[in-house]
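**Q** Quick one: the structure is below, and I'll ask about it shortly.
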Amino acid sequence: MATTILPKSPAPAHQPARGAGPAVRRSTPLRRRRSIAAWGFAAPFVLLFLVFTAWPVISSLLMSVTDIKSRDLRDPFNVNFVGIDNFAAVLRDPLFWQAARNTGYFVIVGVPLVMFVSLMIAIALNTGITRLSGFFRVGYFMPVVTSIVAVAVVWRFLLKDDTGIINVALGWFGIDGPNWLGDPNWSMPAIILMAVWRSMGTLIVIFLAGLQGVPASLHEAAALDGANAMQRLRLITVPIMRPTLLFGAVLTGIGYLQLFEEPLVMTNGGGPLNSTMSVSLYIYRQFGFGNYGIASAMSYLLFLAIVLLTLLQFRLLSERDPRPRKKARTASPAASPTTAPEGSTR
Amino acid sequence: MSKILRVSVAALAVTSMLALSGCGRSDAAPEEDTSAAPVAEGKASGDITVWAMGTEGEKLGAFAEAFSEENPDATVTVTAIPWDAAHDKIATAIAADQTPDVSMVGTTWMGEFASTGALDPTPDSISPDTFFPGAWGTTVVNDVAYGMPWYVETRVLYTNTAAAEKAGVSPSPTTWDELKTSTAAMQAAGAKYGITLQAGQQGAWQTLMPFVWQAGGDIMDADGKLTLDSPEFVDALAYYQSFFTDGIAPVDVPVGTLESSLISGEFGSMVSGPWHIGILEEQGYADFTLAPLPKGEKLASFIGGSNLAVFKNAENRDAAWKFIEWLSQADTQAAWYEATSDLPSVPAAWESGTLASDPQLKIFGTQLETAVAPPSIPNWEQIATVIDTELEKVTRSGLDPQEAATAIQQQAEAIGTGL
């Protein structure tokens, strides 16, 4: 540790008057200089954030309560304030509900599936393969960083009805594979399959990191006591991994609710009978039509859904009070925080 | 810190209130000057900035040098824009008032851009009679013409001649009944499907609407009211559906297999535009017959293509209109066809050269005389998407045509024409 003698904060020019109550932060010249320097360093980010993130969010909120369309762009104030009419119109639209159902189907099936698969692979990589683990990590992470358009071209080829490899492989087992992308019942499962394959990598890397926090000694002790692999997984690994699982679930949930790229490139929009139309895709379509007010309202409804899902995940997966087992004999406090740790990894 | 947070949230709320209270459409309709100012006489001069998409964007720059030879003081600067970015780019330019002098505009975008007030009405130096009526119709929004039709395309029937001969039917059916019987015969004689018609998804309306027009129906009537649930529309839907329920047309054509299936005879025939001549010949196949789409009550097909529009705030307005007027001359249109295979929108250009002698192009020329364009209303794309969606239910799930037509009409009325 470097031994630097920090200068004592210089004697302020004005001493706080006795009896002035709690010490009031006076703006001394040094403090002012430091503030200016701090703001100077922070200014570029703050500016970019305000202009490119905060301003669009606020302006889309304002757009969602007006009837603005694309042709009003030359004169954006020449629009009517319509209150929640846009939200009501969106909630009345049957295609919006279909998109919401499709997105819900995708999230309810996709999130647990990808978390389960990623956890299993992470555990396998952690315990089984130690030498080539770097190679496998890269291999699993590649789909995450590959261009979605290139991936879609290959997957469309794989999913072909008669000559695609998936259906040919199913044929070896005597199963007549469906027309994946052309059948309204099977198009969403095909999208789920592809999305899970694509996003496994991120979760595997996160879970591998989380698994480092599970002490091997606990596993050894449990094995000596006669616990089998399933019991060790359920009673040791998962509880210790809880914060990491929460982090993974929240990240994946937020990403999956905004499903957009896969349906766009695989089924070019809504898919057969709009079976792969997701909410983001519908918002994109409405923006394309120029219905900026309606599209903004829909975006805020999607935002609401994301917030609700995240709250639900925090409720289910965050650290809880240990169940009170017996009356506390000692005077030690039993309370522990109920709020979730912010993705802390031990 | 929380005090600062509270103050900033309050300030934000107040600003938003002020902004929203300042909103409000003025009740009076804006007094739009829709009379076109005349174009000055004499040669063009100055720099003319043009935006164009696709192949046209690539070829127009070199092609326009001929204009600079005739007008030595004028230079034409062409910026090529990809099609998928073009709509947003033009919309943004209009919003930011950064428009060029001239832009190529897809026919289905005219309604939307014209209603922003950013396009310049067509002056008298360009006469409607020079163009095919369907093509001129794509430039008219709310009874005012903007820009001019540059090139056109229309849809005709492509038939695999060998498949037709094998079935003993003519490859050029002239009526609805003949089309039905000949495609069924081709299927009975060995083709997997007698005809392929787009069953749904984006753009399917362009294959359905010709049948509606052939039946005598239309999208809007003379008063501007939508007529998507007329008996003629239902008839056309029922006829279209019959191809799918009888199994003559496939519900699903995997991407990229259309041409190979036509060439191999798996598909007996298909409906498409002039671009397929080149595509099929590139694959070494020339044994196909073109025919105008069959007659219901009358002959009709879909006309598409692109228009050229001048912007109101163009810096070099007069030269821009002169350039456009030069592009509409018969010999320029014929030369443009030679350069790009884009069909001219001017009938006079069809009277000489390849356009007059080539028998396949003659079919397109004949079809263009009866081809109809959808109305240039701002909300057309939305209504077209509704038609695509309901059409898919008709062909895939067997939805009753009358129910589908009523659903289309209801949703289209809710969307409105946008005028």
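The values are calculated or read from the model by the stated rules, or taken from the named source; none is laboratory data. Remember, predicted model here, so these are calculated numbers, not experimental data. Here the Cβ is made from the backbone with ideal geometry for all residues, glycine too, and neighbour counts use every protein chain on show.
**Q** Scan region A:240-279 for residues that are within 14 Å of another protein chain (Cβ to nearest Cβ) and of a type outside the set (Val, Ile, Thr) and report the count.
**A** Looking only at that region, the number is 12.
**Q** Having 2 or more residues that are closer than 14 Å to B:LEU179 by Cβ is the bar; report the helices (runs of 4 or more DSSP H) wholly within region B:201-302 that clear it.
**A** Output list reads B:205-215, B:231-245.
**Q** Are any of the residues in region A:20-38 at pLDDT 90 or above and either part of a loop (DSSP other than H, G, I, E, B) or closer than 30 Å to B:ARG25 by Cα (or both)?
**A** Within region A:20-38 (the criterion being at pLDDT 90 or above and either part of a loop (DSSP other than H, G, I, E, B) or closer than 30 Å to B:ARG25 by Cα (or both)), the answer is no, since none of the residues qualifies.
**Q** Look through A:LEU158, A:LEU181, A:LEU170 and report the one residue that is in the same structural domain as A:ILE254 (by TED's automatic domain parsing) and touching a Leu at 6+ places or on another chain (Cβ under 9 Å).
**A** A:LEU181
**Q** Then there's this: Looking at B:ASP120 and the list (1) assigned by TED's automatic domain parsing to the domain that holds B:VAL251; (2) in contact with a Gly (Cβ under 9 Å, 6 or more places away or on another chain); (3) touching a residue at least 60 places away in the same chain (Cβ under 8 Å), which single condition is not satisfied?
**A** Among (1) assigned by TED's automatic domain parsing to the domain that holds B:VAL251; (2) in contact with a Gly (Cβ under 9 Å, 6 or more places away or on another chain); (3) touching a residue at least 60 places away in the same chain (Cβ under 8 Å), B:ASP120 violates only (1).
**Q** Looking only at residues that are among the polar types (S, T, N, Q) and within 21 Å of B:MET186 (Cα to Cα) in region B:247-299, which one is surrounded by the fewest Cβ atoms within 10 Å (Cβ to Cβ)?
**A** My answer is B:SER260.
**Q** Quick check: anything in region A:247-268 farther than 25 Å from A:VAL144 by Cβ and over 23 Å from the mean Cα position of the chain (by Cα)?
**A** No, every residue in region A:247-268 fails to be farther than 25 Å from A:VAL144 by Cβ and over 23 Å from the mean Cα position of the chain (by Cα).
**Q** Of the residues B:SER170, B:SER127, B:SER182, which is in the same structural domain as B:PRO210 (by TED's automatic domain parsing) and under 30 Å from B:PRO344 (Cβ atoms)?
**A** After applying the criteria, what remains is B:SER170.
**Q** Show the residue pairs that are 6+ apart or on different chains and have beta-carbon atoms under 9 Å apart, the first residue being within region A:108-135 and in the same structural domain as A:ILE191 (by TED's automatic domain parsing) and touching a residue at least 60 places away in the same chain (Cβ under 8 Å), the second being in a helix (DSSP H, G or I) and among the basic types (Lys, Arg).
**A** What qualifies is A:LEU125/A:ARG137.
**Q** Let me ask something additional. Return the residues of region B:91-120 that are farther than 23 Å from B:GLY134 by Cβ and within 14 Å of chain A (Cβ to nearest Cβ); say none if nothing qualifies.
**A** Listed by number, the residues that qualify are B:ALA91, B:THR92, B:ALA93, B:ILE94, B:ALA95, B:ALA96, B:ASP97, B:GLN98, B:THR99, B:THR116, B:GLY117, B:ALA118.
**Q** Out of (1) buried (at least 16 other Cβ atoms within 10 Å of the Cβ); (2) farther than 17 Å from B:THR130 by Cα, what's the single condition that is false for B:GLN333?
**A** That leaves (2) as the condition not met.
**Q** So for region A:47-58 (the condition being among the aromatic types (Phe, Trp, Tyr), within 13 Å of chain B (Cβ to nearest Cβ) and either surrounded by 11 or more Cβ atoms within 10 Å (Cβ to Cβ) or touching a residue at least 12 places away in the same chain (Cβ under 8 Å) (or both)), does at least one residue qualify?
**A** yes
**Q** Considering only region B:249-272, state which residues are more than 14 Å from chain A (Cβ to nearest Cβ) and in contact with a Leu (Cβ under 9 Å, 6 or more places away or on another chain).
**A** The answer is B:ALA249, B:GLU259, B:LEU262, B:ILE263, B:PHE267, B:GLY268, B:SER269, B:MET270, B:VAL271, B:SER272.
**Q** Among the listed residues B:ALA52, B:ALA37, B:ALA64, identify the single one that is among the small types (Gly, Ala, Ser) and touching a Phe, Trp or Tyr at 6+ places or on another chain (Cβ under 8 Å).
**A** It is B:ALA64.
**Q** Which of the residues belonging to region B:39-65 are without any contact (Cβ under 8 Å) to a residue 12 or more places away in the chain and of a type in the set (A, V, I, L, M)?
**A** Scanning region B:39-65 gives a single hit, B:ALA62.
**Q** For region B:178-231, give me each residue that is aromatic (Phe, Trp, Tyr) and either surrounded by fewer than 18 Cβ atoms within 10 Å (Cβ to Cβ) or under 27 Å from A:GLY270 (Cα atoms) (or both).
**A** Within region B:178-231, B:TYR193, B:TRP205, B:PHE211 meet the criteria.
One line per residue, one yes/no per condition, for (1) touching an Asp or Glu at 6+ places or on another chain (Cβ under 7 Å); (2) crowded, with 22+ Cβ neighbours inside 10 Å; (3) modelled with pLDDT of 90 or more:
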{"position": "B:ILE81", "(1), (2), (3)": "no, no, yes"}
{"position": "B:HIS87", "(1), (2), (3)": "no, no, no"}
{"position": "B:THR92", "(1), (2), (3)": "no, no, no"}
{"position": "B:ALA96", "(1), (2), (3)": "no, no, no"}
{"position": "B:THR99", "(1), (2), (3)": "no, yes, yes"}
{"position": "B:VAL102", "(1), (2), (3)": "no, yes, yes"}
{"position": "B:GLY106", "(1), (2), (3)": "no, no, no"}
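**Q** Within region B:316-346, how many residues turn out to be modelled with pLDDT of 90 or more and part of a loop (DSSP other than H, G, I, E, B)?
**A** 4
Condition check ((1) acidic (Asp, Glu); (2) at pLDDT 90 or above) across all residues:
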position	(1), (2)
A:ASP85	yes, yes
A:LEU91	no, yes
A:TRP97	no, yes
A:PHE116	no, yes
A:LEU119	no, yes
A:LEU132	no, no
A:PHE135	no, no
A:PRO143	no, yes
A:ARG156	no, no
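**Q** Taking region A:151-160, which residues are out of contact with any Gly (no Cβ under 7 Å at 6 or more places or on another chain) and either acidic (Asp, Glu) or assigned to a helix (DSSP H, G or I) (or both)?
**A** Correct list: A:VAL151, A:ALA152, A:VAL153, A:VAL154, A:TRP155, A:ARG156.
**Q** May I ask you to list the residues in region A:69-88 that are at the interface with chain B (Cβ under 9 Å from one of its Cβ atoms), out of contact with any Ser or Thr (no Cβ under 7 Å at 6 or more places or on another chain) and either acidic (Asp, Glu) or in contact (Cβ under 8 Å) with a residue 12 or more places away in the chain (or both)?
**A** A:LYS69, A:SER70, A:ASP72, listed by residue number.
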